[in-house]
Amino acid sequence: MLIGAGGLVLGGATAIAAFGYNEERIEQLWVGAAIQPDGTASLREVVDYQFGNTLDRHGLLRRIPGLTPQSPVAVSSPTGAPDAVDSMSPYTFDGGEQGVEIRVGDAARNVSGAHRYVLGYDLATLAEGEAIAWDAVGTGWEVPIEEAEVHLVAPWALEDLGCLQGPPRSEEPCEDELEQV
């Protein structure tokens with residue numbers, strides 16, 4: 001009987017610890033861009049979002065620089081989360097850059113647990129002249145990102161590759177090496 005009670009206590013403690021750790025976060029973010037010779041780009045983002053134990057979330061909130069509320073954005077969720085674009089509003093980032101705030105989901109339906117969202121959109125300029133300046137992950141996320149992977153396809157070879165991470169205007173280099181294939 002003591003062994004059974006001990007097992008119940010241990011099981012309960014494990015459940016409480018798992019519940020406590022299950023915080024809202026992005027487990028993985030994959031971002032890819034294909035640049036055309038004129039500098040325009042088609043982008044795709046795959047967001048593995050863990051809503052955790054939250055009970056009041058209705059979907060994904062994404063802030064994207066360089067888009068307008070009229071920009072076409074395609075969204076899907078292969079995991080069955082509500083994936084309709086609920087609203088697109090103008091948004092100004094900390095540095096003054098203009099973009100949009102996109103709310104994806106359904107105001108009448110709560111979302112919890114792990115869900116994947118796939119977003120697709122085009123940007124008018126990602127490459128200007130001979131330089132590419134791309135904030136691939138962005139600073140508009142309100143939850144932590146555990147892991148991010150970025151891919152860039154261009155019609156020319158890239159030189160002087162560089163990557164920075166951290167808050168806006170950070171000079172901290174990325175942890176992983178850049179690779180050109």
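The values are calculated or read from the model by the stated rules, or taken from the named source; none is laboratory data. None of the values given here were measured: they were computed from a predicted structure. All Cβ positions, glycine included, derive from the backbone under ideal geometry; neighbour counts span all protein chains shown. Protein only, heavy atoms only, side chains kept; ligands, DNA and RNA dropped before computing areas. Shrake-Rupley method; radii C 1.70, N 1.55, O 1.52, S 1.80 Å.
The residue pairs whose first member lies in region 103-121 and is under 13 Å from TYR49 (Cα atoms) and β-branched (Val, Ile, Thr), whose second member is open to solvent by less than 20 Å² (accessible area, probe 1.4 Å) and assigned to a strand (DSSP E or B), and whose beta carbons are closer than 6 Å, counting only pairs six or more residues apart or on different chains, are VAL104/GLY59; VAL104/LEU60; VAL111/GLY59. Scanning region 29-53 for residues that are within 24 Å of ALA154 (Cα to Cα), open to solvent by 40 Å² or more (accessible area, probe 1.4 Å) and in contact (Cβ under 8 Å) with a residue 40 or more places away in the chain yields TRP30, GLN36, PRO37, THR40, SER42, ARG44.
Considering only residues that are β-branched (Val, Ile, Thr) and closer than 16 Å to ALA41 by Cβ, look in region 54-74 and name the one that is surrounded by the fewest Cβ atoms within 10 Å (Cβ to Cβ). Don't jump to the end; show me each part of the working.
Initially, region 54-74 is screened for residues β-branched (Val, Ile, Thr), giving 54, 64, 68, 73.
Retained after the next criterion (residues that are closer than 16 Å to ALA41 by Cβ): 64, 68, 73.
Numbers: ILE64: 22, THR68: 11, VAL73: 18.
Residue satisfying both the conditions and the ranking: THR68.
Taking the numbered list (1) modelled with pLDDT under 85; (2) buried (at least 16 other Cβ atoms within 10 Å of the Cβ) in turn, GLY11 passes all entries but (2). The residues of region 133-154 that are open to solvent by 30 Å² or more (accessible area, probe 1.4 Å) and under 21 Å from GLY59 (Cα atoms), listed by number, are VAL137, THR139, TRP141, GLU142, PRO144, ILE145, GLU146, GLU147, ALA148.
Taken as a whole, region 67-76 holds at least one residue that is part of a loop (DSSP other than H, G, I, E, B), closer than 30 Å to LEU161 by Cβ and among the small types (Gly, Ala, Ser).
Checked against the criteria, ALA114 does not count as open to solvent by 70 Å² or more (accessible area, probe 1.4 Å) and hydrophobic (A, V, I, L, M, F, W, C).
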